[in-house]
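What follows is a single structure, written as structure tokens, with notes after it.
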Amino acid sequence: MRARSTTLEANPPADVQLVAQSSADRLARAISIVGAPPVLIVPLIAFAAWCSEESGPPIVRGALGLFAATALVPCLFIYGLYRSGRISNPGLPRRAERLQPALFGVLCALAAYPVLRSIGAAQVFVQLDAGLLLQMVFLAFVTIWWKISYHAAGSAGLAMVILAWGGMVAALPLAMLAVVIGWARVRLDRHTPAQVAAGWMSALPLMWWIWPR
């Protein structure tokens, strides 16, 4: 009887394994939604506003402008591509379908830089846009040949910004979140560990623009 129990523990029934896999997949999908780059832009902008030495209209203009350029307009562009049949899925699971949205994101961030300056946005948002632009250029370049993880890039970027402006203690939970998001992308078979690691590394150029001098 004991031997049979040991065997069951070592080799659980298929239905038990399936339930465990389904639970893990559901968790990974939920994490992927929460960790999507357009979603992570919101806490990034909120933290930048909190760290800014300016207040009032410059904060509002900067937050709205950066959100439109890095999240709202690119998402609308992707949705338009999907509705027109140019891409098969708004989640962009195919590398070949990612390049056009990636280049459009670069153009949006590039156009946002002079706009943010001209409307008197808080300097922190101008800096953040410049850093994000540099990261997006790198991601778009890699996307030509390889399916790098934008989820990992966004989560690592958030952690880097908080490290630069909030310190190690504040950044540690975000670094852990980046690891969890990377696990979710690998779990769902959207990326390999190497693609996730490359996405994390893409956040390093951000430090050039945002690290306090």
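The values are calculated or read from the model by the stated rules, or taken from the named source; none is laboratory data. Everything numeric in this text was worked out from a predicted model, so none of it was measured. Cβ placement follows ideal geometry from the backbone for every residue including glycine, while neighbour counts extend to all protein chains displayed. With ligands, DNA and RNA removed, areas are computed over all heavy atoms of the protein, side chains included. Shrake-Rupley method; radii C 1.70, N 1.55, O 1.52, S 1.80 Å.
Determine whether Thr192 is among the polar types (S, T, N, Q), over 19 Å from Ile33 (Cα atoms) and modelled with pLDDT of 95 or more. So Thr192 does not fit the description; no. Residues that are farther than 16 Å from Leu44 by Cα, part of a loop (DSSP other than H, G, I, E, B) and not polar (S, T, N, Q) were ranked within segment 150-203; the one that is least open to solvent (accessible area, probe 1.4 Å) is His191. The helices (runs of 4 or more DSSP H) falling completely within segment 51-137 include none with 3 or more residues that are polar (S, T, N, Q) and either in contact with a helix residue (DSSP H, G or I) (Cβ under 6 Å, 6 or more places away or on another chain) or surrounded by 21 or more Cβ atoms within 10 Å (Cβ to Cβ) (or both). Only one of the numbered conditions (1) at pLDDT 95 or above; (2) over 22 Å from Pro90 (Cβ atoms); (3) in contact with a Phe, Trp or Tyr (Cβ under 8 Å, 6 or more places away or on another chain) is violated by Leu139, and that is (2).
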